[in-house]
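All remarks here apply to the structure that follows.
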C-alpha cells in the first residue's frame, strides 16, 4: 500500500531543474535508498516528501493519519535536558500512552464492563505495540549504550559535540517509530559498531524508511529498493547496492560509447562486491552452524569455548598471509614503542609498526579510541608520551575534514592556478585544469565559481583533487569518504588503488576499508592496537563469533546457577504473552530460517522465475529477514527476563 505519492513533481532553484516531473511512491514496510551525485537533488527529494520543500508543479499525496519524520542534520534540544531527558522527550507520546494504559486498567478494575474503557484499552494496546513501547526503557538503555552515549547520559545535552547530539536525535527518532522515517546520511558520526546496531534496529522494526547514504554495505543490507536521481529524473532498482550496480551496467551498456569507462568501473565494482558478499554469506552460515554445535558441546565440555577463543584470537593476529611479510619493500617510517594518553584514558601503548611502500593501512576502531591522535603523531603534529617515530626523507600528503588550502573566497581555477593561466602540472603531466577537474565530476562552468558556493561534499571533492595533483611517498587520509557521494568515492578508490606509495586511512566505512586496504591497525580495549592482514568485514565477523562464545559461556554459568537454586520460590511470573513467546517462538524462528534459506536458493535458480517474479521473491526475502530479526530479539529479551526471575 502506498503511504506517500509524488505525482509529476517539479522543483527548480533559479534556472536549475532539480526534480523534473518525477513520480515516486513510498509503500508500507519499504526501505528505499536514494542514490545520486552530491547536489543532484537527493536531499531536495527527501524534504519534498517531508513537506519542508513545496514543489513548483505536481502533487504530494500523503495518506490520512500518516506520520512522516526526518532526522535533522543539525538537531537541537533544550539545553537543560540531559542526554536521557532528550531521548525521553522525543518519546513523550509513548510514555503518555503507557501512563494512560495504567490509568485505564485502574478504572476497569472498578468498572470491567464499561465499553468505552474497553475500547480505549484496546486502542492503547494497539498503539503501544505498534511502537514497541512495552519495553521502552530497556530499548533506551540499549540505544544509549550502543550509540556511545553511556558515559555522559546524565550530562547536559548542550555540552555534547555535533556528532553526539545527532546520535541522541537518531536514537530517539528510531525508537519513536514514525510511519515513514526519513534519514539523510544516518551513518555519519557513527563508528562501525554503532552502524551495525543501527542496521539491527531498522531491520527488526519493520519500519518504512527512506534514506540517503554513501555507505555501500549499509545500502546493501538495508535497502529493499534503490532509487537513483540523475538530471532531475528518477530510476528505480529492486534491492540493494549489488542489484543497482548490475542493472546500471546494463542500462549504460546500451548507450553511446562515452559510457564505456563507466561501464567497466561499474562491472569491476559489481564483481568485487559479489565475491565479497558471497564469501561473507558462506562464512556467516558456517559460523551459525558452529555456534549451534558449540552450544550443545559446551554443556558437557565448557573448556571447548576457551579453546576456540584462542584459535580465533590467533587467526585475528596472523601475519602469515601477507604479501608484505617476507618482501623487501622500502620502509618509509617506523613506530617504536609508541604510547599516548588523554587525561586518565590510555589511547594506546607499546605500539610497534613499520610502514612500507605499497602498503595500504586502515586504522579502525570505536569513536574516541585515538585513531586521529595516532595520525597526528605520525604527521609530527603531536608528540607521543613515550616512544619515537623514525622517518627518513618522506613526503606526505594529508587530507582531513578541515580542507587545508581550500579558501572560500577563491574560485576553483584560482585554487589550482594561483598565478594565472589555465594549465596545471599533475604528477609530472602538464594539462588543462578542466581536463583534470572533470575527472572529479566538476562541470566546466564550475571553474569560475567561488568555493563558498559549493556544498560540503563538493569541497571535499575539490580538496582531494588538489591533493592528487602532487607526488608523495605516503598519503594520510582522515575520514576521506565523509560527505562524498558514491561516484566520488569510486574515483577516490581508483586513485588510491593505482597509487605506488603507502596509504594510511582512518575510516568507519567498512566497504571502503575492505576494498582499499591490505593491512589493518585495529584499536582495541585497553590501549592495544592489533595488526592484521584480514579484511575489515571479516575481522568484525570474528568479533561477532567471539561475542557469541561469551554469550554461550554466560548461558552455561547461568544454567549451573539455576540448577543450584531450583528449590527457590519464584515470586514473579511471566505474562501470558511472554510465556507464549517462550513456548512458540523457537519453532516459528526455525520455520522462518527454513523459508529464508529456500528464498535465497530460489533467487539463484532462473527456472523458478518462470512461475514466480524475482521482485516478489526478493521482497518476501527482505520481509522474512526483518521478521526473523524482530522475532529473535523478542525471544531473547523474554528468555533473559525468564532467567532473571528464576535467579
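The values are calculated or read from the model by the stated rules, or taken from the named source; none is laboratory data. All values reported here derive from a predicted model rather than from experimental measurement. Neighbour counts are summed over all protein chains in view; Cβ atoms, including those assigned to glycine, are modelled from backbone coordinates with ideal geometry.
Values for this structure:
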{"item": "Residue 477 modelled with pLDDT of 90 or more, assigned to a helix (DSSP H, G or I) and touching a strand residue (DSSP E or B) at 6+ places or on another chain (Cβ under 6 Å)", "result": "no"}
{"item": "Residue that is closer than 24 Å to residue 501 by Cβ, out of contact with any helix residue (DSSP H, G or I) (no Cβ under 7 Å at 6 or more places or on another chain) and surrounded by 17 or more Cβ atoms within 10 Å (Cβ to Cβ), where the choices are 400, 393", "result": "400"}
{"item": "When residues of the range 323-357 are limited to those that are outside any strand (DSSP E or B) and touching a strand residue (DSSP E or B) at 6+ places or on another chain (Cβ under 7 Å), the one modelled with the lowest pLDDT", "result": "324"}
{"item": "Residues (part of a loop (DSSP other than H, G, I, E, B) and without any contact (Cβ under 8 Å) to a residue 24 or more places away in the chain) located in the range 101-133", "result": "111, 112, 113, 114"}
{"item": "The listed residue being modelled with pLDDT of 80 or more, over 19 Å from residue 367 (Cα atoms) and surrounded by 14 or more Cβ atoms within 10 Å (Cβ to Cβ), out of 540, 592, 549", "result": "592"}
{"item": "Flag if residue 371 is in contact with a strand residue (DSSP E or B) (Cβ under 8 Å, 6 or more places away or on another chain) and modelled with pLDDT of 90 or more", "result": "yes"}
{"item": "Some residue of the range 453-460 being at pLDDT 90 or above, in the same structural domain as residue 493 (by TED's automatic domain parsing), in contact with a helix residue (DSSP H, G or I) (Cβ under 9 Å, 6 or more places away or on another chain) and not in a loop (DSSP other than H, G, I, E, B)", "result": "no"}
{"item": "Residue 376 under 22 Å from residue 480 (Cα atoms), assigned to a helix (DSSP H, G or I) and out of contact with any strand residue (DSSP E or B) (no Cβ under 6 Å at 6 or more places or on another chain)", "result": "yes"}
{"item": "Which numbered condition residue 437 misses (of (1) surrounded by 19 or more Cβ atoms within 10 Å (Cβ to Cβ); (2) within 28 Å of the chain's Cα centre (by Cα))", "result": "(2)"}
{"item": "Sole residue being crowded, with 16+ Cβ neighbours inside 10 Å and touching a helix residue (DSSP H, G or I) at 6+ places or on another chain (Cβ under 9 Å), chosen from 415, 377", "result": "415"}
{"item": "Conditions (1) within 24 Å of residue 73 (Cα to Cα); (2) surrounded by fewer than 17 Cβ atoms within 10 Å (Cβ to Cβ); (3) in contact (Cβ under 8 Å) with a residue 24 or more places away in the chain; number of the one not met by residue 31", "result": "(2)"}
{"item": "The one condition in (1) over 18 Å from the mean Cα position of the chain (by Cα); (2) buried (at least 22 other Cβ atoms within 10 Å of the Cβ) that residue 491 fails to fulfil", "result": "(2)"}
{"item": "Residues (in contact with a strand residue (DSSP E or B) (Cβ under 7 Å, 6 or more places away or on another chain), within 19 Å of residue 185 (Cβ to Cβ) and at pLDDT 90 or above) located in the range 482-532", "result": "506, 507, 513"}
{"item": "Residue match in the range 187-200 (condition: touching a residue at least 60 places away in the same chain (Cβ under 8 Å), closer than 21 Å to residue 620 by Cα, in contact with a helix residue (DSSP H, G or I) (Cβ under 7 Å, 6 or more places away or on another chain) and not in a strand (DSSP E or B))", "result": "yes"}
{"item": "Tally, over the range 1-16, of residues that are more than 26 Å from residue 67 (Cα to Cα) and either touching a strand residue (DSSP E or B) at 6+ places or on another chain (Cβ under 7 Å) or not in a strand (DSSP E or B) (or both)", "result": "3"}
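Quick grid of which residues meet (1) under 19 Å from residue 71 (Cβ atoms); (2) crowded, with 18+ Cβ neighbours inside 10 Å; (3) in the same structural domain as residue 241 (by TED's automatic domain parsing):
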| residue | (1), (2), (3) |
| --- | --- |
| 136 | no, yes, no |
| 139 | yes, yes, no |
| 143 | yes, yes, no |
| 151 | no, no, no |
| 173 | yes, yes, no |
| 204 | yes, yes, yes |
| 208 | yes, yes, yes |
| 220 | no, yes, yes |
